[in-house]
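The values are calculated or read from the model by the stated rules, or taken from the named source; none is laboratory data. Worth saying up front: this structure is predicted, and the values here are computed from it rather than measured. When we count neighbours, we look across all protein chains shown, and the Cβ atoms used for this are built from the backbone with ideal geometry, even at glycine. Accessible surface is based on the protein model in full, side chains and every heavy atom, while ligands, DNA and RNA are left aside. Shrake-Rupley method; radii C 1.70, N 1.55, O 1.52, S 1.80 Å.
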Amino acid sequence: MSATRYTYLGPEGTFTEAALRTLPEAATRELVPMVSVPAALDAVRNGDAAAALVPIENSVEGGVTATLDELASGEPLMIYREVLLPIAFALLVRPGTKLSAVKTVTGHPVAQPQVRNWLRTHLPDALWESAASNADGARLVQEGRYDAAFAGEFAAATYGLEPLVTEIHDAENAETRFVLVGRPARPAAPTGADKTSVVIWLGDDHPGALLELLQEFAVRGVNLMLIQSRPTGAGIGNYCFAVDAEGHISDRRVGEALMGLKRICPKVRFLGSYPRAGVAPQDVRALRRGTSDEEFTSASDWLARCQDGRA
């Protein structure tokens, strides 16, 4: 395995590359762009890279399905950290292009909902076609296949384009969450501001099946930050659920919730416990009464005394 190589959703000039370069270790790694999320993750699976950075959630569109599906299937991988990146688009064109001359535009499918209103107002007749990534859209504009691409302003120089309009976004403070993914290993020690990700499969379809899963978290005071259903491919109505929960697997409340899920679900895939981006331990909300490690330990000791006749 190449311990010095990180892959990412390419080509050069993507928001994913920009997010990856915010990591301190990126300065000492070989950063290799890949054509797709599956390709970036497969490089980790087959040992060609130590880790991959891929988008997993957008504040406008929600979960990035390509990443969620890849993490739920195939050889297991694990998330080690996350990166949050503010997102604003620029309309990149070949030098000299006027806005009135833009008839075709391109960008990543996740970008379209983030610029839909701007398009409706400024380019109502332009034809949108999706690209593999925003940077790939810029490359296609460079080649003359489209008139303009929505991408990061920083991609303009890479592809010999110019930003015709900048700071385009329908939603203020839009951001995308990226995750650094590697092969499974022992999770890093808890920081006090952590997140745990899992994928859960329902055993069978019956009234209250999803509620049963959620109750494993709720009764232990574990807050959920994301829950998204994804089809399993086994037929209409068959779903698994990608879940992000506050806390670390070593926290008693989180560990016991995962054990509860393992008892009632045919399959639970642990995707990792890792630090939350941009959150310090002192910023984490106070735990509900009865959900701290100390209270779980006290309850366990009480049960042991009852079993020994010492209650």
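Suppose R0 equals 51 Å; then what is the FRET efficiency for E61 and R310 from their Cβ-Cβ distance, rounded to the nearest 0.05?
On the way: r = 56 Å, r/R0 = 1.10.
The pair E61/R310 has a calculated efficiency of 0.35.
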(request) Tell me which label goes with the value of Cα Rg over 2.2 N^0.38 Å computed from the coordinates here: (i) 0.95; (ii) 1.11; (iii) 1.15. (result) (iii)
(message) Give me the dipole magnitude in Debye, nearest 20, for the chain about the Cα centre, with unit charges on the beta carbon: positive for Lys and Arg, negative for Asp and Glu.
(response) 420
(request) State, to one decimal in nm, how far the label point of N173 lies from the label point of R116, with both points 7 Å from Cα in the Cβ direction. (result) 2.2
(request) Express in Å², to the nearest 10, the accessible area of R220 obtained by rolling a 1.4 Å probe over the protein heavy atoms while all chains stay in place. (result) 30
(request) In whole angstrom, note down how far apart the Cα centers of the range 21-55 and the range 135-149 are. (result) 24
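Report the gain in length on full extension from S130 to E256: 0.36 nm times residue separation, minus Cα-Cα distance, nm rounded to one decimal. Intermediate values should be presented prior to the final figure.
On the way: separation 126, 0.36 × 126 = 45.36 nm, distance 4.32 nm.
Going from the current span to full extension adds 41.0 nm.
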(request) Would you work out which of N58, A72, S100 lies farthest towards the positive end of the dipole of the range 54-152, given +1 charges on the beta-carbon of Lys and Arg and -1 on that of Asp and Glu, about the Cα centre? (result) S100
(message) On a full-extension model of 0.36 nm per residue, what is the gain between D301 and A185, subtracting their alpha-carbon distance, rounded to one decimal in nm?
(response) 38.7 nm
(message) With only alpha-carbon atoms in the gyration tensor, what are the semi-axes of the equivalent ellipsoid for the range 1-68, in Å, largest first?
(response) 20, 14, 9
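Given Cα pairs under 8 Å that are at least 6 residues apart, what percent is the relative contact order of the chain? Walk me through the intermediate numbers first.
On the way: 626 pairs, mean separation 61.5, N = 311.
Relative contact order, the chain: 20 percent.
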(request) Multiply the residue separation of A218 and R263 by 0.36 nm, subtract the distance between their alpha-carbon atoms, and state the gained length in nm to one decimal. (result) 14.6 nm
(request) Starting from the amide H of R5, placed 1.01 Å from N in the peptide plane, find each other amide H under 5 Å away whose residue is 5 or more places distant or on another chain. (result) E30, A50
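Could you work out the helix-only [θ] at 222 nm for the chain, with each DSSP H run of four or more residues adding -39,500 (n - 2.57) and the total divided by the number of residues, to the nearest 500 deg cm²/dmol? Each step should come with its number before you reach the end.
Values: 8 runs with 81 residues, N = 311.
Rounded to the nearest 500, the figure is -7500 deg cm²/dmol.
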(request) Compute the normalised compactness of the range 113-213: alpha-carbon radius of gyration over 2.2 N^0.38 Å, N being the residue count. (result) 1.63
(request) Any chance you could look up the accessible area of V32 with a 1.4 Å probe, heavy atoms only, rounded to 10 Å²? (result) 30
(request) Determine the per residue accessible area of the range 137-183 with all protein chains present and a 1.4 angstrom probe, expressed in square angstrom. (result) 43
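Of the peptides 222-235, 246-259, how do they stack up when ordered by the mean number of other Cβ atoms within 10 Å, highest first? Could you put the intermediate results ahead of the total?
Working: 222-235: 14.1, 246-259: 20.4.
In decreasing order of mean packing, 222-235, 246-259 become 246-259, 222-235.
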